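Engineer: I'd like to ask some things about the structure below.
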Amino acid sequence: MNKVGIIMGSKSDLPVMQDAIDILKDFNIEVEVDIVSAHRTPEKLFDYGKNAHTRGIGVIIAGAGGAAHLPGMIASLSPLPVIGVPVKSSNSIDGWDSVLSILQMPGGVPVATVALNGAKNAGILAAQIIGSADEVVLNKIIDYKESLKQKVYESAKGL
């Protein structure tokens, strides 16, 4: 189950969600990307949520803007961990509607939530979840974090 499912409410979310796709590919983690609208394709949402784990997906990243029901609805249907990415969309109230829609889940239906447009962190978190049971991925996370530390040291030298 080393595949990550990345879903979004509409194609307009792709520029934000691309950061998750890119970082996961950097970690050599397979991604499955799809558009699943909670409001326009509820049948597809139900199928995806109930069956993603049968296709080898281990973590789902769901990005949505506006009312942002996609992450929570997927979490209600799937046994997999779900990471929600609130997307600041054209119909958004500065993104707060998306953040709160994803963050304020009822007890029993958790959604890990990253910052507004924080798809890169969602990808890293998904890799860390997979890395908890996959030593190869874990070592890539360790190397990645070490590279972040080295960048800070290099930046400080130039001051």
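What follows is calculated from the coordinates using simple rules that are stated; it is not laboratory data. Since the structure is predicted, the reported quantities are computational estimates derived from the model, not experimental observations. Reconstructed Cβ throughout: ideal geometry from the backbone, glycine too, with neighbour counts over all protein chains shown.
Engineer: Applying the selection to segment 89-112, what residues are without any contact (Cβ under 8 Å) to a residue 60 or more places away in the chain and more than 25 Å from Q128 (Cα to Cα)?
Structural biologist: Going residue by residue through segment 89-112, those that are without any contact (Cβ under 8 Å) to a residue 60 or more places away in the chain are 91-112.
Matches in segment 89-112: N91, S92, I93, D94, G95, W96, D97.
Engineer: Within segment 1-53, which residues are among the hydrophobic types (A, V, I, L, M, F, W, C) and part of a helix (DSSP H, G or I)?
Structural biologist: Just the residues of segment 1-53 that are among the hydrophobic types (A, V, I, L, M, F, W, C), to begin with: 1, 4, 6-8, 14, 16-17, 20-21, 23-24, 27, 29, 31, 33, 35-36, 38, 45-46, 52.
Result: L14, V16, M17, A20, I21, I23, L24, L45, F46, A52.
Engineer: For segment 124-159, how many residues meet the condition of being in contact with a Phe, Trp or Tyr (Cβ under 8 Å, 6 or more places away or on another chain) and either closer than 17 Å to I60 by Cβ or exposed (fewer than 11 other Cβ atoms within 10 Å of the Cβ) (or both)? Give the steps one after another, and end with the answer.
Structural biologist: First pass over segment 124-159, keeping only residues in contact with a Phe, Trp or Tyr (Cβ under 8 Å, 6 or more places away or on another chain): 124, 127, 137, 140-141, 144.
Filter once more, so that each one left must be either closer than 17 Å to I60 by Cβ or exposed (fewer than 11 other Cβ atoms within 10 Å of the Cβ) (or both): 124, 127, 137.
Qualifying residue count, segment 124-159: 3.
Results for (1) among the small types (G, A, S); (2) surrounded by 24 or more Cβ atoms within 10 Å (Cβ to Cβ), shown as yes or no for each residue.
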residue	(1), (2)
F46	no, no
R55	no, no
G58	yes, no
A62	yes, yes
G66	yes, no
L77	no, no
L80	no, no
I83	no, yes
D94	no, no
